[in-house]
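Since every read-out is calculated from the coordinates, none of them should be taken as a lab result. Everything numeric in this text was worked out from a predicted model, so none of it was measured. All Cβ positions, even for glycine, are placed from backbone atoms using ideal geometry, and neighbour counts span all protein chains on display.
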C-alpha cells in the first residue's frame, strides 16, 4: 500500500488519470467525497486507488489524500477493514443506528434534511376515539 497527499487547488476530476477502468464515487457529507478507482499497470495488472477529497471553504480548493491498494493486499485489507468496522458496530456502539445514514440515491440526498426510511408515524399522548364509518360510501368522504 502507498499513500499520496495533495493540497493542490482544483477538483479531483480534473486531476484524475484517464486510465481508470472503473470508478465509484461516495459522497460523505458536505465536504468529503471518496473515490474508488480501478487502474491498470503497463503490464496489464490491476490496483485500486482510494481517494478522500475534502473541499476547503476558505479558498475553494481541495485537499486530497490518496491510497494505493495492490492485489496482493486486497484480502488482508478487506479483512482488516471489516474487523475494524464490526468492532465499532458491535463492541463500541451496539445501539447506534448505522442504517440511518444510508442514502440509496445520493443525487436526491439533501444534507441536513431528515432521513425517513418509513412512513411518518404520529405519536399520541392520549387515546383517540375512532368512529365506525363502515356505512359511509366513498362519495361521502371525498373532500
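Structural remarks
- Label-zone membership for the stretch 62-81, site residue 101, 7 angstrom Cα→C-beta point, backbone N under 17 Å: 81
- A simple packing score, the average count of other Cβ atoms within 10 Å per residue, orders the peptides 94-102, 71-79 as 71-79, 94-102, with the highest score first.
- A full extension of the chain between residue 41 and residue 79 corresponds to an added length of 11.2 nm, given 0.36 nm per residue minus the alpha carbon distance.
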